[in-house]
1. Calculate how steeply helix A:259-278 sits against the longest principal axis of the alpha-carbon atoms of chain A, using the helix alpha-carbon long axis, and give the answer as 0 to 90 degrees to the nearest 10.
2. Would you kindly work out, in nm and rounded to one decimal, the distances from the label point of residue A:39 to those of the same position in each other copy, ordered shortest first, with label points 7 Å along Cα-to-Cβ?
3. How far is it, in nm, from the label point at residue A:16 to the one at residue B:254 when both lie 7 Å from their Cα along the line to the Cβ?
4. What do the square roots of 5 times the Cα gyration tensor eigenvalues come to for region B:197-279, in whole Å, largest first, as semi-axes of the equivalent ellipsoid?
5. How far is residue B:14 from itself in the other copies, in nm, if each label sits 7 Å out from Cα along the Cα-Cβ line, shortest first?
6. Peptide A:180-190: average number of partner chain Cβ atoms within 10 Å per residue?
7. What are the nm distances, shortest first, from residue B:275 to its equivalents in the other copies, labels at 7 Å along Cα→Cβ?
8. Defining a contact as two alpha carbons under 8 Å apart and six or more residues distant in sequence, what relative contact order in percent does region A:150-279 show?
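No lab work stands behind these numbers, since they all come straight from the coordinates. The structure displayed is predicted, hence computed values, not measured ones. Here the Cβ positions follow ideal geometry from the backbone for every residue, glycine too, while neighbour counts run over all protein chains shown.
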């Protein structure tokens, strides 16, 4: 877990992290562990829901084809939608754009007992907003502190936060674009925009390095997940989330009712039901 | 599928339907089929999402301990929360109560491509509202037509609707209450209210019969699912949803871009990437 965590206060470089890294020998070796964690995730999510004391926010960020949707589909999305919500952020709507950048985020943070997965997040406002100069530097450069204060407040209010950057190489991105071109069941996902951001790869790398370095905190850590191998990415993300939830030592809550009283009600109901049978 | 469907226009009686009915020989015999349908549900959900033409609304209704949460946890909740949302309705908040009964429902109906599961629904307004006399008869008796018109409009707008009543016997409800009493991991779920509604069992039966008879339509059918055996209930619900989605004959959409153009962009990106390597 620590292996992938960006140390608070430390300047990090993405070049130091190999996107080809494998967290197990091969896909087959990882499969059992991944399904174990997926099952465990459901149990822990249920406990979080039952406990009703705190919540979990998971942020996923990556460049195009980095595997955000896949991580949800193959791992995180095995949580029960009864108390797990996925919130995707696209370009702000006109109404959203007329508010500060945290307005649309705030509306959808988890309620107590809930898990919310952000597919993209408020970090877009220091990523694409910076690279594509959607706002001047004087604006985006202030946002790191604003984000840290926002996350600190959420955390103080009982929301646990885990943030994942899915790290792929430019070659792997191209391989995935090719796959979309060749597969009729994936062609609908192709967008002109896929190629529009590629020339800015180095700018995005810099923007990510700043966000990861400046906004990885004890209460809201960033994890850099080597993501060229999808199965390895799934293994790492699921393991980190499971180990984290296990560390919370969650407990089923005490009953809110007097059990003796309820037992009496139960027996009265049984008796009345038997009397009906005898009628 | 037809076996459990309430025929539009027909007066139905719950007494005619045995809550003990088993849709397979036993639990073991059903297990494979249930996991097949759970997997299939995910695939079909993805296709609905990709197709982006229509949506699916599933309503679950039952008396306390009838198995709404369990049906979600063990079957429907295997859909990917990326495009599946569970919406639970409790007693209206003060704000909700200051609006007509469909106001809070309307706000959370599925968007295109999405599956929404209602855990309880607008039918509460002709069930508990009627049995507990929360509104006068002149009000609730008008609501059946209002609901039919609402669902017709949703359906005309591209939302497919399936409604399930999970049918248990009063004895099975008691057995489940007992289980909650005896199991420390279930005691937190016990509420005083569990026993408060039992004396009204026959009134609820009548209210359900009216709702099922008056609001089962071709475009928004009600299904009565024998639900004393949880595995059989899971098998029936998952089979109906899967068969229904299969009948829609959904297709991956055509690409929205010119594939030749994208192929050219791909090759330019590959070339530029190789040139970088040679630098």
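1. For helix A:259-278, the angle is close to 60 degrees.
2. From this label point to the equivalent ones elsewhere in the assembly: 1.6 nm.
3. 5.1
4. Semi-axes, largest first: 57, 17, 12 Å.
5. 5.8
6. 5
7. 9.1
8. Here the relative contact order equals 33 percent.
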